[in-house]
Amino acid sequence: MRFAGPERRRMPRYYVTVPVEFDGGTGTTKDVNESGVRFEIDQPLVPDQSVTLRLVFRDFQGGDPWRMAARGKVVRSRPTGRPTRWRCESRPTCWRRRRPRTEP
């Protein structure tokens, strides 16, 4: 059943698919907003578990990719229905942009 009515979220959700890295593995984002990240990975995470995510953005001018790091807690973790794929949601408490390293 789908909710049919006005949007209830306080922050707009952006449907973006980028690689996500975290301690213990990698995955792909499904959507992102200021208050959360939904992503798919190949292992379950535990609700209330602390996690540090790094969203990897490619540089369109051919440079090194840059990362947006987020620290927070896992809100949900459930199987996607596909073998070995889990959909997780995290509520970040801190965002930080990590610039690519530049050679002198």
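The values are calculated or read from the model by the stated rules, or taken from the named source; none is laboratory data. Note that this is a predicted model, so its numbers are computed, not measured. Using ideal geometry, Cβ is built from the backbone for each residue, glycine included, and neighbour counts are taken over all protein chains shown.
Observations on the structure shown:
- Flag if Glu7 is acidic (Asp, Glu) and either at pLDDT 90 or above or surrounded by 12 or more Cβ atoms within 10 Å (Cβ to Cβ) (or both): no
- For the range 62-76, the criterion of being surrounded by fewer than 14 Cβ atoms within 10 Å (Cβ to Cβ), at pLDDT below 85, closer than 19 Å to Val32 by Cβ and of a type outside the set (Lys, Arg) is met by none of the residues.
- Residues satisfying the stated conditions in the range 34-60, i.e. of a type in the set (Phe, Trp, Tyr), surrounded by fewer than 18 Cβ atoms within 10 Å (Cβ to Cβ) and assigned to a strand (DSSP E or B): Phe57
- Pairing residues of the range 45-59 that are at positive phi with residues that are of a type in the set (D, E, K, R), at Cβ distances under 9 Å and at least 6 apart in sequence or on separate chains, gives Asp48/Lys73.
- Across the range 28-80, the number of residues qualifying as in contact with an Asp or Glu (Cβ under 7 Å, 6 or more places away or on another chain), of a type in the set (A, V, I, L, M) and more than 13 Å from Thr93 (Cα to Cα) comes to 1.
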